[in-house]
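Have a look at the structure below before the remarks.
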Amino acid sequence: MRSKNKSLSLGVKEVESQQSKVGNIEMDPMKEEKMKETKEILQKKEICPLPKINSETQYYFYDLGLPHSYFATCTAEQIGDHIICIYTSKIISSVNNSPFKIDIKSEGEDSALYICNADDENSDDLSAHYEIEQRIENRYLKKTKDWEQYIRVFGDGQRRLFEKTERHKQNIGPHSHGHVLRAKFDTYRVEAFRSKSCVSPQNPVHLWFYFVRKAKYSSPNPPPAVDPTENIPVKIEEITNQEFAEKQNIDATKDCYRELISKAATQVGPVIRINHFSQEAEELLICFRTRSDSAQGFFSALTNLLRDHKLDCSRKFLEPFHEFSIISVHILSSTKPDSWKELLISDCSVLFAVPVNYFSFLFHYQTLSVYEAAYCYSAALFIFYFCGSNTSQAEGEYKYLEGLLHDPTSVSKLQAIIRSHNLTNWSEVRIRESLIQNPAVVKLLFEHFTHLNPVVIQKSPKSTEETLALESKIKESISNNTTNDFEKRVLNACIEFNKSTIKTNLLKTHKSCLVFDIDPSVTSNDPRRYPVKPYSVILIVGSNFGGFHIRFSDIARGGVRIVVSNTGSEYTRNSAEAFFENYSLANTQQKKNKDIPEG
């Protein structure tokens with residue numbers, strides 16, 4: 001639970017010059033001049049009496065606790081409109097005897113401003129500012145809005161989902177080859193802050209303010225963020241947007257950002273750290289490469305992660321640089337043990353790896369933890385590829401019919417019918433729905449998974465007796481609480497996923513994607529398609545890809561094969577055949593070059 005008396009003052013980094021104190025209120029000449037203009041505008045509109053204008057304006061400018069940057073950015077006309085909206089919302093709340101609520105959206109092509117209620121600590125609903133952040137992501141931060149999807153890259157080593165770009169004449173020539181084509185996209189700077197004080201004593205509600213502005217860079221063709229010859233960042237001023245360069249005059253912040261970018265340039269995943277910011281707050285910093293398909297949905301999902309950890313934040317920035325982005329979150333100092341920092345960094349890492357998936361809403365509504373949602377996503381892929389062929393109710397009949405057929409063509413057609421039957425009955429949609437309908441069992445299954453893979457979450461391995469007892473409890477829960485036979489098979493298949501995972505990085509603190517080393521014997525479920533057991537099968541899951549690495553010896557080499565899906569139906573078909581295609585390529589090469597290990 002949040003404390004209503006907790007101060008949200010964090011200390012503003014911007015330098016406010018020429019300030020003088022009158023009583024306990026800091027008087028800023030810029031704010032005083034803008035407040036005077038705002039009062040004149042409100043008087044002309046004649047919406048409320050002069051005494052009310054004076055009190056509302058005074059409270060808004062000095063008592064609500066808005067940062068200096070807000071008054072420096074907004075015009076007096078805009079500030080007046082915001083004061084009117086808040087004032088009328090107070091009246092509506094009083095007349096209707098209902099909770100105070102405000103929802104302001106002012107959107108343009110290059111900028112936007114949003115004002116909404118802060119979290120209701122007694123509500124289980126998604127917070128208003130989380131929905132605003134989703135809106136910002138979809139309208140301004142999403143880099144794929146004009147691009148076609150459904151390109152799947154299949155390979156012996158991996159399978160990735162890219163987005164096919166439109167061919168822009170100014171960016172891509174008509175005969176570009178040898179690299180993934182990408183169109184240039186706009187980047188936006190997001191600055192969000194929470195009011196330090198409530199709207200009024202009668203309306204104990206804090207407000208969130210969001211500013212979105214298109215990033216402008218001093219050079220249209222800036223140098224690389226990292227010098228490839230020395231692997232050190234160039235000057236921050238040369239790769240950042242102009243607004244950051246003008247406002248941020250703290251050398252320590254620039255040095256910190258320079259260090260983050262330098263480290264992010266040497267690794268695939270994000271750099272995540274928590275620094276001491278002030279006596280009242282810690283600063284969570286996340287630096288990652290800015291790509292068209294990276295971290296989609298991560299900015300808003302981070303809000304729910306903090307909510308899940310019961311942590312309050314007062315500011316949230318998204319600072320774009322050339323090739324990189326940095327998210328900065330000011331978290332109010334917690335009374336929890338220091339271990340909360342390590343747990344938060346670990347959760348941020350798995351959230352970045354799979355920020356948006358079919359189980360994300362269960363995490364958003366706090367039905368599942370971020371780890372449990374990621375586990376569901378990974379287990380669903382395992383079940384789809386490995387658990388359909390050996391549990392079909394018609395498997396015995398198919399084997400009998402196959403024994404009666406002697407024509408190879410007829411046998412081939414029968415096998416095609418079998419694959420179609422399994423794909424229909426064990427579709428990804430049905431598997432996901434089965435897991436979504438049983439969150440209580442999923443929690444037990446994830447606990448069973450941590451018993452078998454004791455890293456971070458479980459500090460020490462559980463005894464065999466404890467693991468077996470938990471497995472019995474899971475099976476009993478499935479039997480008692482699930483009446484649908486298909487759901488029972490899916491949930492029991494999760495136990496097989498847990499046992500088949502030899503090792504994984506899911507529960508480790510730092511990761512850029514999720515990796516599961518799977519027992520190769522899972523291919524024995526379908527010996528007709530997989531006659532030879534591979535040496536290694538590795539499931540890889542990330543924010544923009546999910547696939548397999550397959551090899552038939554300890555040391556192996558291989559390649560990548562690209563399959564383009566032009567329609568949704570082609571994508572579904574190609575996705576269903578991804579593992580089989582990888583397996584076939586690796587197995588064929590192994591046979592062709594017995595003296596050269598292939599993978």
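The values are calculated or read from the model by the stated rules, or taken from the named source; none is laboratory data. For clarity, every value in this text was computed on a predicted model and none was experimentally measured. Backbone-built Cβ (ideal geometry, glycine too); neighbour counts: all protein chains shown. Side chains included, ligands, DNA and RNA excluded: accessible areas come from the protein's heavy atoms. Shrake-Rupley method; radii C 1.70, N 1.55, O 1.52, S 1.80 Å.
Is it true that some residue in the stretch 63-84 is over 32 Å from the mean Cα position of the chain (by Cα), within 14 Å of residue 204 (Cα to Cα) and open to solvent by 20 Å² or more (accessible area, probe 1.4 Å)? Yes, the conditions are met somewhere in the stretch 63-84.
Whenever a residue of the stretch 299-312 is within 17 Å of residue 333 (Cα to Cα), its partners that are at pLDDT below 90 and of a type in the set (Gly, Ala, Ser), lying with C-beta atoms within less than 9 angstrom and at least six residues away or across chains, give the pairs 303/127; 307/127; 309/334; 310/334; 311/334; 312/3; 312/334.
Results for (1) at pLDDT below 90; (2) over 27 Å from the mean Cα position of the chain (by Cα), shown as yes or no for each residue.
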position	(1), (2)
336	yes, no
342	yes, no
364	yes, no
377	no, no
394	yes, yes
420	yes, yes
423	yes, yes
427	yes, no
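Taking each residue of the stretch 491-513 that is acidic (Asp, Glu) and looking for partners that are assigned to a loop (DSSP other than H, G, I, E, B) with beta-carbon atoms closer than 8 Å, six or more apart or interchain, yields 496/387. Pairs linking a residue in the stretch 366-385 that is under 21 Å from residue 578 (Cβ atoms) and open to solvent by 10 Å² or more (accessible area, probe 1.4 Å) to a residue that is aromatic (Phe, Trp, Tyr) and assigned to a helix (DSSP H, G or I), with Cβ atoms under 7 Å and 6 or more positions apart or on different chains, are 385/579. For the stretch 503-536: of the residues being over 26 Å from residue 351 (Cβ atoms) and outside any loop (DSSP other than H, G, I, E, B), which is modelled with the lowest pLDDT? The selected residue is 525. Of the listed requirements (1) modelled with pLDDT of 90 or more; (2) open to solvent by 20 Å² or more (accessible area, probe 1.4 Å); (3) within 30 Å of residue 191 (Cα to Cα), residue 433 misses just one: (3).
Restricting attention to the stretch 561-578, does a residue exist that is hydrophobic (A, V, I, L, M, F, W, C) and at pLDDT 75 or above? Step through it out loud before you land on a result.
Within the stretch 561-578, the subset hydrophobic (A, V, I, L, M, F, W, C) is 562-564, 576, 578.
Filter again for at pLDDT 75 or above, leaving 576, 578.
The answer is yes, given that some residue of the stretch 561-578 is hydrophobic (A, V, I, L, M, F, W, C) and at pLDDT 75 or above.
Got a sec? Which helices (runs of 4 or more DSSP H) wholly within the stretch 291-372 have at least 3 residues that are under 16 Å from residue 133 (Cβ atoms) and among the acidic types (Asp, Glu)? Reasoning before the result, please.
Numbers: elements: 298-308, 339-353, 360-364.
So the answer is none; nothing clears 3.
Do we find a residue being in contact with a helix residue (DSSP H, G or I) (Cβ under 8 Å, 6 or more places away or on another chain) and in contact (Cβ under 8 Å) with a residue 40 or more places away in the chain anywhere in the stretch 54-64? Taking every residue of the stretch 54-64 in turn, none turns out to be in contact with a helix residue (DSSP H, G or I) (Cβ under 8 Å, 6 or more places away or on another chain) and in contact (Cβ under 8 Å) with a residue 40 or more places away in the chain.
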